[in-house]
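Single-structure report; data block below.
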DNA sequence: AGTCGTCAAGAGCAGTGCTCTCGTTTTTTC
DNA sequence: GAAAAAACGAGAGCACTGCTCTTGACGACT
């Protein structure tokens with residue numbers, strides 16, 4: 001499936017890749033709003049209208065970048081998780097947290113494109129859904145692994161979720177099989193806590209008050225891990 | 001300070017207000033990226049260049065909207081907090097959580113402007129800092145009140161923050177006097193958890209999986225309250 | 001009463017996304 | 001192998017944007 005049959009298909013695939021590469025570089029420098037089809041075309045030595053042979057609109061180019069971004073953060077999370085022993089569930093959780101934060105700090109504009117305000121009028125197409133949950137799948141697997149190993153012993157301090165939560169828990173459980181509703185609820189809290197922290201840090205909400213975010217982040221995520229009942233070893 | 005001395009100052013203040021009102025309406029409809037100075041001018045029956053007498057650039061108009069937005073959410077939070085008895089610390093926390101979420105759901109584009117991706121090249125000026133922390137001040141006061149009343153009894157399940165956290169805790173403590181480092185850390189976790197949840201919900205990250213976000217949100221925030229050691233009454 | 005500052009209007013510049021047409025080239029079909 | 005079909009790059013053009021500069025008129029202070 002890689003090299004297209006005809007020469008035209010091959011050069012088309014190559015040019016498409018080149019366009020997204022240049023676009024990603026522009027995105028990294030000036031953000032999504034500063035991404036200009038004409039500027040990309042200029043850098044390619046093309047005229048602007050030629051770009052439309054490859055991406056029918058600016059939004060489609062952005063969608064390609066979004067998919068790439070989700071895959072990039074997903075891959076970073078997968079690698080961080082795989083580098084730990086399977087039994088070290090707490091370590092895997094912390095590795096995932098730091099992988100997300102490190103990737104976000106290294107690619108702030110891409111992170112903003114994925115987890116910041118959705119661009120106006122933009123509706124996520126089907127193609128973005130699968131890559132978008134790659135990191136969540138890793139997260140769910142850690143919890144399922146721990147639960148399956150009987151290593152998930154959450155402290156009994158939180159109230160149980162209401163019965164009406166069970167419907168949503170059913171859907172969330174697809175990525176973390178076996179977990180009871182209470183743990184699904186805690187998983188949601190930890191996950192939103194992770195991205196909430198990273199977003200606050202990246203979007204400047206910690207403005208001159210948290211000067212050592214790495215320390216506070218690590219401690220906060222460790223706390224989430226404890227609440228999930230994750231233990232090392 | 002309200003009504004300007006001269007007629008000119010009065011009409012200037014009036015026109016400035018009218019511009020921001022129209023701009024806020026446009027912002028609510030099509031988002032920050034769709035906010036056009038020319039469109040605002042058209043609706044005012046002015047020519048576009050005339051707007052620049054009142055706002056030197058589009059960014060300055062956005063800044064005015066950001067300040068208004070922070071004040072709006074801050075006021076909503078203040079009112080929700082004030083509607084509860086001072087001693088009902090847990091109730092006040094839940095009221096603040098729901099106030100933030102309700103305001104965000106009612107003003108999604110404004111929320112995105114405040115807590116979403118910062119607009120490219122935009123640097124928050126001094127004037128936005130004070131309004132930006134109005135909600136945080138309320139939050140801190142609830143915790144300080146509870147702590148002062150001896151009603152803050154957090155469950156002893158989380159590890160203590162590292163010593164290196166104390167510097168940042170010092171600064172955070174300015175809005176929640178009296179709280180020990182451990183509670184400051186928990187306060188950060190709960191606060192980022194709140195906005196992380198709202199952002200996930202608003203920006204479509206719960207995409208077709210959490211269909212009853214109100215229930216899950218309430219339960220998650222209740223859990224954060226428990227971890228903070230908040231009790232009713 | 002005269003000066004100065006403020007104001008709205010208009011023209012204009014550089015840039016954007018996107019559409020359409022027009023030759024050219026490549027691929028497919030007969 | 002020749003003809004039909006599809007894909008392609010270039011160019012012009014439309015409607016729109018933020019922003020600047022100049023011009024002429026009005027209101028405010030000395």
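Just so it is clear, none of the values below were taken in a lab; they were calculated from the coordinates. What you are looking at is a predicted structure, and each value in this text was computed from that prediction instead of being measured. Backbone-built Cβ (ideal geometry, glycine too); neighbour counts: all protein chains shown.
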Placing a label point 7 Å from Cα toward Cβ, how far apart in nm is residue A:46 from its equivalents in the other copies, listed shortest first to one decimal? 4.1
Label points 7 Å out from Cα along the Cβ direction at residue A:30 and residue B:30: separation in nm? 2.1 nm
Using a Förster distance of 41 Å, how high is the FRET efficiency between residue A:21 and residue A:83, based on the Cβ-Cβ distance and rounded to 0.05? 0.90
Residue A:232-residue B:39 pseudo-label distance in nm [points 7 Å out on the Cα-to-Cβ vector]: 5.4 nm
Taking only the alpha-carbon positions of segment A:3-117 as identical scatterers, the Debye log10 I(q)/I(0) at q = 0.15, 0.20 Å⁻¹ comes out as -0.73, -1.02
Based on the Cβ-Cβ distance from residue A:6 to residue A:48, what FRET efficiency comes out when R0 is 25 Å, to the nearest 0.05? 0.45
At a Förster radius of 30 Å, what calculated FRET efficiency corresponds to the Cβ-Cβ distance of residue B:208 and residue A:214, to the nearest 0.05? 0.30
Thinking of the protein assembly as shown as a set of Cα atoms, what percent of all their pairs are more than 34 Å apart? 39 percent
Run the numbers on chain A and let me know its relative contact order in percent, using alpha-carbon pairs under 8 Å that are six or more apart. 22 percent
Alpha carbon Rg of segment A:51-145, scaled by the compact-globule rule 2.2 N^0.38 Å: 1.22
Give the order of B:224, A:147 when sorted by the count of other beta carbons within 10 angstrom, beginning with the fewest. A:147, B:224
Would you mind calculating the relative contact order of segment B:134-189 from Cα pairs under 8 angstrom and at least 6 residues apart, reporting the percent as a whole number? 46 percent
Taking a point 7 Å out from Cα toward Cβ as the label site, list the nm distances between residue A:59 and the same residue in every other copy, smallest first. 2.9
Per the Kirkwood treatment, what hydrodynamic radius in Å, one decimal, follows for chain B from the mean inverse distance over all distinct Cα pairs? 19.7 Å
Looking only at other chains, what is the average number of their beta-carbon atoms within 10 angstrom of each beta-carbon in A:194-206? 6
Computed Kirkwood radius, in angstrom, where 1/r is averaged over Cα pairs of segment A:1-56: 11.9 Å
Shielding by partners, peptide B:219-230 (average Cβ within 10 angstrom, other chains): 4
Partner shielding of A:124-133, taken as the mean number of other chain Cβ atoms within 10 Å, equals 1
